[in-house]
Amino acid sequence: MSDKTIYENPLNTRYASREMQENFGDGKRFRLWRKLWIALAESEKELGLPITEEQIEELKAHAEDIDYERAEKYEREVRHDVMAHVKAYGDAAPSAKGIIHLGATSCFVDCNSELMIMRDGLEILLKKLVNVMEKLKNFALRYKDVPTLGFTHLQPAQLTTVGKRATLWLQDLMLDYESLTALLAKFRLRGVKGTTGTQASFLDLFDGDGEKVKELEKRVVEKLGYEKVYAVTGQTYPRKFDYNVLCVLSQIAQSAYKFSNDIRILQNMKEVEEPFEKSQIGSSAMAYKRNPMRCERMGSLCRYMLSLPVNSAFTASTQWFERTLDDSANRRIVNAQAFLTVDAVLNLYMNVAENLVVYEKTIAKHVAAELPFMATENILMECVKAGGDRQELHERIRVLSQEAGMAVKQEGKENDLLARIAVDPLFEAVHARLPEIVDAKKFVGRAPRQTEEFIEGEIVPILKKHAALLGERGDVRV
């Protein structure tokens, strides 16, 4: 049971998944430190340093059984987290005590483990991102033929379709996918660089043999399952990388924020609604309310995420020369919380996208209220084809439109422009064809085919590539 007398981060208690929390948890971080120390010792032994197989085996035997209390006790004494764990590991594996962390600086374990954790975090987000894309793909195809009012300036504009609008949300995520996968494709570890990045300590260990130092780094990185390292570093990997990562996470949040706002507006219009459970309460006072809680929460979390890249920009900008430690406490908070935030956002996005409710009759009612105005050009042109005078027709339809508009605005009546046209002798040529001319599906252009073409050409290849990741469902914890 949690201690209710102290503050607990709601990203852990309410929003982010257990999977992402464990990814940034101390348990994983400190196990990675020991994995790094083993890889370093093995590689140093292979390249001729006096390290025995028995020492390596003892390190491996105690790779998982971390005595956290002992490590915390040491840290209180030495005020250094890495050295505290070196000591605790040495107590568990006494024969190897003298060769743990040999030649390395703290950033050997700290930076490389942080990079691996972020890499795994990006993979978790990639999985959730493509699952959101699949759910929006299904939604877009299902509603690709349903006409709906398009909006520019939040004012009714030409018609689109419900499915075509969803492709805009989907395309935003596709751009985020491209940014995320590009980041993963260029991913590098810090490698084995020493205190200021010169590898001087390792050059001393190998009696000035630079080729062995280069081979040491190559072997350590390969044992960790990676190929690329930064060619040069100071004491740390470039902090600009944190900024790049958070910018990609910000992009995902931007996309989710737009989606959540669109759904909130549509829910206000009673056209589209996020899921609302049988026992869910919308308001403590107004029992009838069905508040868009999920989308509001998405927007709230996204707003926080959008504020984080600038923090990393300051950190990258103030790394004096080879390194300054004022990045440390900051990054412990910012990096993890950015991942936890976007993880929570994508969980919500999956849940909403999979369970959207569409009220087609309400949508059709809203279309019918505006379509007569939009159809006036079509009506006018059909009358001209039948021999009418365009200027005379234009003036008459302008007058009728103004009259109908005032009846809607001032008297609260339904839009009766079509009824006015249907009894006006000047438009007699189209009286019998009015229902056909104002069929909403004739006003959506290529929206249905654009939806199909976009999904088939851009989205399906991505989903096929990541088919093994599909099948996730979004969870709303509270």
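Read the figures in this text as sums done on the coordinates, not as results from a lab. As the structure is a computational prediction, the values presented were derived from the model and not from experiment. Methodologically, a virtual Cβ is constructed for each residue, glycine included, from the backbone with ideal geometry; neighbour enumeration extends over all protein chains shown.
What is region 263-404 by shape, rounded, prolate or oblate, if you read a ≥ b ≥ c off the alpha carbon gyration tensor as root eigenvalues and call it rounded for a/c under 1.5, prolate for a/b larger than b/c, and oblate otherwise? Oblate, because a/c is 1.5 or more while a/b does not exceed b/c.
Of the peptides 80-89, 35-44, the ranking by mean beta-carbon count within 10 Å, highest at the top, reads 35-44, 80-89. When a/c is below 1.5 the answer is rounded, else prolate if a/b is larger than b/c, else oblate, so apply that to the chain with a ≥ b ≥ c taken from the square roots of the Cα gyration tensor eigenvalues. Since a/c reaches 1.5 and a/b is larger than b/c, the shape of the chain is classed as prolate.
Extending 7 Å from the Cα toward the beta-carbon at both GLU322 and GLU8 defines two label points whose distance is 4.3 nm. Label region 351-401 by shape, choosing from rounded, prolate and oblate, from the square roots a ≥ b ≥ c of the eigenvalues of the Cα gyration tensor; if a/c is under 1.5 it is rounded, and otherwise prolate applies when a/b is larger than b/c, oblate when it is not. Note, shape of region 351-401 comes out prolate. DSSP bridge analysis restricted to the chain gives an antiparallel fraction near 90%, rounded to the nearest 5. Computed on region 10-96, with alpha-carbon pairs under 8 angstrom and 6+ residues apart, the relative contact order is 24 percent.
Sorting the segments 18-27, 241-250 by their mean number of nearby beta carbons within 10 angstrom, highest to lowest, gives 241-250, 18-27. Measuring between alpha carbons in the structure, the pairs from LYS164/LYS361; LYS35/LYS193; LYS60/LYS240; LYS164/LYS365; LYS128/LYS228 lying more than 23 angstrom apart are LYS60/LYS240; LYS128/LYS228.
Here the peptides 133-139, 263-269, 342-348 are ranked by packing, the mean other Cβ count within 10 Å, and the order with the highest first is 342-348, 133-139, 263-269. Normalised by the number of residues in the chain, the average gap of Cα pairs under 8 Å and 6 or more apart makes the relative contact order 20 percent.
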